[in-house]
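The next block holds one structure in the form of structure tokens; read it before the comments.
The values are calculated or read from the model by the stated rules, or taken from the named source; none is laboratory data. Just so we're clear, the structure is a prediction, and the values are computed from it rather than from any experiment. Neighbour counts are summed over all protein chains in view; Cβ atoms, including those assigned to glycine, are modelled from backbone coordinates with ideal geometry. The protein model used for the area step is the full one, side chains on, heavy atoms only, and it has no ligands, DNA or RNA in it. Shrake-Rupley method; radii C 1.70, N 1.55, O 1.52, S 1.80 Å.
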Amino acid sequence: MKHLVMLGAGHAHVHLLSTLTTQALAGVEITLIAPYPRQLYSGMVPGFVAGHYAFEDCVIPLEPFLKNTSVTWLRHNATALDAAQRTVTLDDGQNIPYDVLSINSGPVQDRQKIEQLMPGAAEHALFVRPIERFAALWPKVVAMGQQKPLRFAIIGGGAAGFELACAVTHRLPAASVTLLSGDTPVGANYPTAVQAMMVQALKARHITVLQTSACALTAGEVSLSSGARLACDVPIIAIGAHAPGWLQGSGLALDEQGFVAVDVFQRSTSHPHVFAAGDVTSRQDVSLPKSGVYAVRAGAPLTRNLRAVLAGIQPAPYIPPKKTLNLLSCGSRHAIASWGNWSAQGRWVWWLKNRIDRGFIKKYSV
Ligand SMILES: Cc1cc2nc3c(=O)[nH]c(=O)nc-3n(C[C@H](O)[C@H](O)[C@H](O)COP(=O)(O)OP(=O)(O)OC[C@H]3O[C@@H](n4cnc5c(N)ncnc54)[C@H](O)[C@@H]3O)c2cc1C
């Protein structure tokens, strides 16, 4: 028997698990390391914050896969990896040996790095990752917001910060929301037309946008790099998709930011028996943004290549699409779409996003 260890139950691994229900891997023992009995689909989290979805609408339960396959689930976080010894260490100290390892554990918000940038963040802010923890805390914030109007500061002007600012305003109309976009404008990675739509959407929802950084947090206040101080009840940190710290010292080849360096086969450039997909990786042959869309797309090729190497067959190259459809929800069942330099917005875009997102959950709900 060969031993395949799946580290993390991210988007690509959900696909692999789904294929195992109909096509078992003969002669392979499979272990899944995942801290939660479900995968929370981040694309629907702003809709959950806005109140469009219940928590259950946004998750893919793992249990049906586990019931219908011989996969052993270890409900733990991985805390270390020794690529030379081929072992993964768990948060309870167990060492799990593997013949082939597949990593799909996503990015983290490194509390230490963020605390260095903004002292007080670890104590006073709500972090969007782990998304599970954020989603568990959100209903408590809503309950508080229904007692008295709250002042929110969303720190981070990327897609997540934008969507969350709009969603908060929709869920809690009495709240005041400020979006801090750091030293770049909101949506700086998007084409200018999309940036303009994002600014227009924020304005229409009375969200204050400040192109400045938060540099310290205390109870009830965010200090800004401009020298001003912002009164705030709920600071939400929506910056930083960092590589997990446990990859350092694993022996795997990593990129400059610490993400797993993978090749055209989604295989580690240093250790051929290690594969990886999603935001935890960095393709060395092509530059890809970190996004759920690319993580989902990597599911099928990762599955094919793991099946191939476990059967002693050569893996096949996977060329990701150059452009993907990006959909940004604006809180009030209105959304912005972009594909390369093309963009559009409206209620029909939200309808499309809702259909795609619900379709994704349905596809993997056994
Ligand atoms: C609020 C918000 C909204 C977003 N909206 C969109 C969107 O609309 N479209 C889009 O393309 N992208 C979106 N993103 C980005 C998207 O979340 C990521 O790109 C995507 O989640 C990456 O997928 P992944 O499969 O690599 O990892 P993840 O989805 O993070 O999955 C990783 C899994 O591994 C588990 N895990 C983590 N650490 C460990 C460990 N040490 N051991 C074992 N298991 C572990 C986690 O619990 C999780 O289940 C959004 C992000 C946020 C924060």
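Tell me, yes or no, whether the range 66-83 has at least one residue that is at pLDDT 95 or above, more than 30 Å from Ala337 (Cα to Cα), loosely packed, with under 15 Cβ neighbours inside 10 Å and of a type outside the set (Val, Ile, Thr). Looking through the range 66-83, at least one residue is at pLDDT 95 or above, more than 30 Å from Ala337 (Cα to Cα), loosely packed, with under 15 Cβ neighbours inside 10 Å and of a type outside the set (Val, Ile, Thr). Per the listing Ala122, Ala174, the residue uniquely modelled with pLDDT of 95 or more, open to solvent by 30 Å² or more (accessible area, probe 1.4 Å) and over 30 Å from Ser105 (Cβ atoms) is Ala174. Taking the range 23-39 on its own, how many of its residues are buried (at least 22 other Cβ atoms within 10 Å of the Cβ) and away from the ligand (no atom under 12 Å from the Cβ)? The qualifying residues number 1.
This table checks each residue for (1) within 11 Å of the ligand (Cβ to nearest atom); (2) in contact (Cβ under 8 Å) with a residue 60 or more places away in the chain.
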{"position": "Pro289", "(1), (2)": "yes, yes"}
{"position": "Gly299", "(1), (2)": "yes, yes"}
{"position": "Ala308", "(1), (2)": "no, no"}
{"position": "Ala311", "(1), (2)": "no, no"}
{"position": "Pro317", "(1), (2)": "no, no"}
{"position": "Lys322", "(1), (2)": "no, no"}
{"position": "Asn326", "(1), (2)": "yes, yes"}
{"position": "Gly331", "(1), (2)": "no, yes"}
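Being assigned to a loop (DSSP other than H, G, I, E, B), touching a residue at least 12 places away in the same chain (Cβ under 8 Å) and within 22 Å of Gly245 (Cβ to Cβ) narrows it down to one residue among Ala80, Ala9, Ala24; which is it? Spell out how you get there, then give the answer.
On the way: Ala80 fails: assigned to a loop (DSSP other than H, G, I, E, B); Ala24 fails: within 22 Å of Gly245 (Cβ to Cβ).
None of the other options fit; the residue is Ala9.
How about the range 202-214: which of its residues are touching a Pro at 6+ places or on another chain (Cβ under 8 Å) and open to solvent by less than 60 Å² (accessible area, probe 1.4 Å)?
Step one: filter the range 202-214 for residues touching a Pro at 6+ places or on another chain (Cβ under 8 Å), giving 211, 214.
If the condition is that a residue be touching a Pro at 6+ places or on another chain (Cβ under 8 Å) and open to solvent by less than 60 Å² (accessible area, probe 1.4 Å), then Ala214 is the only one that fits.
None of Asn104, Asn189 is exposed (fewer than 14 other Cβ atoms within 10 Å of the Cβ), under 26 Å from Pro244 (Cα atoms), within 15 Å of the ligand (Cβ to nearest atom) and within 18 Å of the chain's Cα centre (by Cα) except Asn189. Exactly one residue out of Leu247, Leu254, Leu217, Leu210 is in contact with a Leu (Cβ under 8 Å, 6 or more places away or on another chain), hydrophobic (A, V, I, L, M, F, W, C), more than 30 Å from Leu306 (Cα to Cα) and modelled with pLDDT of 95 or more, and it is Leu210.
Between Leu164, Leu137, the distinction of being touching a strand residue (DSSP E or B) at 6+ places or on another chain (Cβ under 8 Å) and over 28 Å from Gly227 (Cα atoms) belongs to Leu137 only.
Working only within the range 14-67, note down all residues that are in contact with a Ser or Thr (Cβ under 7 Å, 6 or more places away or on another chain) and under 20 Å from Lys353 (Cβ atoms). Pro46, Gly47, Ile60 - these are the residues of the range 14-67 that are in contact with a Ser or Thr (Cβ under 7 Å, 6 or more places away or on another chain) and under 20 Å from Lys353 (Cβ atoms).
I'd like to check something: does the range 8-16 contain any residue that is at pLDDT 95 or above and more than 14 Å from the ligand (Cβ to nearest atom)?
Taking every residue of the range 8-16 in turn, none turns out to be at pLDDT 95 or above and more than 14 Å from the ligand (Cβ to nearest atom).
Annotation: of all residues in the range 40-55 being over 22 Å from Val349 (Cβ atoms) and touching a residue at least 60 places away in the same chain (Cβ under 8 Å), the one that is farthest from the ligand (Cβ to nearest atom) is Phe55.
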